[in-house]
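**Q** Encoded as structure tokens, here's the structure I'll be asking about.
The values are calculated or read from the model by the stated rules, or taken from the named source; none is laboratory data. Note that the structure is predicted; figures quoted are calculated from it, not measured. Cβ placement follows ideal geometry from the backbone for every residue including glycine, while neighbour counts extend to all protein chains displayed.
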Amino acid sequence: MNKIYIKIALTLLCVAGYIQNVAFASERAPKTKSSNEDDKYKSYFYPEEAKQAGAVMDDAFAIAQKYAKSTKGYKLYYKDDGATLHLKREKGAYIGKVEFKIKNPDSFDGIINMIMDSNGPKNLYDLFIGGRVSRMYDDSLVIIQQNYRSRVPDWQRHFQVIANIVESSENKVAILFVSPNTNGYNARTHKKHVNPIVESANSFTPDVRFQTDFMDPRVSQIYVNLAAFFIKKKPKYVKVTFIGSVDLNFPPCVSDKSIEKMTAGIFSAIFKLKHIFNKE
């Protein structure tokens with residue numbers, strides 16, 4: 001892969017009738033660049049915390065690989081023009097697998113940049129407000145905060161994730177996202193969040209508060225159990241595989257069927273990458 005200077009950020013997640021978007025990784029990877037040079041002062045001051053964050057993402061990578069390779073339990077939820085979305089329910093959570101090809105091999109770098117660009121979501125989602133790096137452990141391992149408007153009045157949503165990008169070969173990149181344990185930071189949490197997919201994340205409790213100049217910490221928080229992109233460049237196309245699971249933090253009155261539908265909305269939004277880059 002050509003050396004890419006990536007503005008670190010998360011590939012989005014948004015709830016409001018449906019939630020929009022979410023993100024895979026073998027060794028830690030290419031140089032990354034914060035979208036704000038002022039964030040450099042946050043770097044490299046948390047060696048023990050960085051070690052734990054790295055261990056969580058190593059677990060996440062191994063788990064995501066298994067879900068990507070497995071076909072057990074998945075049911076086809078949606079198919080369109082060669083793109084597929086499969087869902088299954090496991091450990092009380094919905095897990096999605098999205099697969100598609102972008103028939104433009106030159107789009108490889110652009111796809112990665114769009115996924116990782118903190119301002120990238122504004123090109124895809126009208127509900128996107130903003131994102132920022134709140135902690136930087138090294139050039140490829142950070143914590144990110146993002147905020148979204150909702151189609152439901154006075155119901156903003158935000159989340160916090162560890163983000164990790166990995167270059168395993170010149171033509172193969174993985175991008176991973178997992179929420180740390182931030183229970184107790186949110187006045188509108190409907191339940192205590194426990195990550196059933198990447199269990200090591202439950203013991204990772206960085207003291208990274210939501211920055212009030214950027215987002216209101218009282219709005220509802222959602223959690224990324226696992227979001228992972230495998231991006232592979234082939235001679236005639238780019239193959240994208242996405243594995244995702246999210247906790248939407250809905251009150252108990254919301255039915256499983258509704259949660260399934262909204263979860264599918266998160267993952268099917270990823271198909272937009274295909275349409276954007278096929279046209280280039």
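**Q** Could you check how many residues of the range 72-122 are of a type in the set (Asp, Glu), surrounded by 15 or more Cβ atoms within 10 Å (Cβ to Cβ) and not in a strand (DSSP E or B)?
**A** Total satisfying the criteria: 2.
**Q** Can you pull out the residues in the range 207-257 that are modelled with pLDDT of 85 or more and of a type in the set (Lys, Arg)?
**A** Selection gives LYS232, LYS233, LYS234, LYS236, LYS239, LYS257.
**Q** Suppose the filter is over 20 Å from GLU99 (Cβ atoms) and not acidic (Asp, Glu); does PHE250 pass it?
**A** Here the answer is yes, as PHE250 does meet what is asked.
**Q** Please verify whether the range 68-75 includes one or more residues that are of a type in the set (Val, Ile, Thr), out of contact with any Asp or Glu (no Cβ under 7 Å at 6 or more places or on another chain) and at pLDDT 95 or above.
**A** No; the residues of the range 68-75 include none that is of a type in the set (Val, Ile, Thr), out of contact with any Asp or Glu (no Cβ under 7 Å at 6 or more places or on another chain) and at pLDDT 95 or above.
**Q** Considering only residues that are assigned to a strand (DSSP E or B) and β-branched (Val, Ile, Thr), look in the range 221-238 and name the one that is farthest from LYS103 (Cα to Cα).
**A** Only one residue fits best here, namely VAL224.
Residue by residue, here is whether (1) within 17 Å of ILE222 (Cα to Cα); (2) touching a Leu at 6+ places or on another chain (Cβ under 6 Å); (3) part of a loop (DSSP other than H, G, I, E, B); (4) aromatic (Phe, Trp, Tyr) holds:
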{"position": "VAL240", "(1), (2), (3), (4)": "no, no, no, no"}
{"position": "SER245", "(1), (2), (3), (4)": "yes, yes, no, no"}
{"position": "SER258", "(1), (2), (3), (4)": "yes, no, no, no"}
{"position": "LYS261", "(1), (2), (3), (4)": "yes, no, no, no"}
{"position": "ALA264", "(1), (2), (3), (4)": "yes, no, no, no"}
{"position": "PHE267", "(1), (2), (3), (4)": "yes, yes, no, yes"}
{"position": "PHE271", "(1), (2), (3), (4)": "no, no, no, yes"}
{"position": "HIS275", "(1), (2), (3), (4)": "no, no, no, no"}
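**Q** Another question about this same structure. Evaluate the following for ARG188: is it at pLDDT below 85, surrounded by fewer than 20 Cβ atoms within 10 Å (Cβ to Cβ), more than 20 Å from MET57 (Cα to Cα) and touching a Gly at 6+ places or on another chain (Cβ under 8 Å)?
**A** The answer is no for ARG188.
Table: residues versus (1) at pLDDT 85 or above; (2) part of a loop (DSSP other than H, G, I, E, B).
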position: VAL142; (1), (2): yes, no
position: ARG151; (1), (2): no, yes
position: TRP155; (1), (2): no, yes
position: ASN164; (1), (2): yes, no
position: SER168; (1), (2): no, no
position: GLY184; (1), (2): no, yes
position: LYS192; (1), (2): no, yes
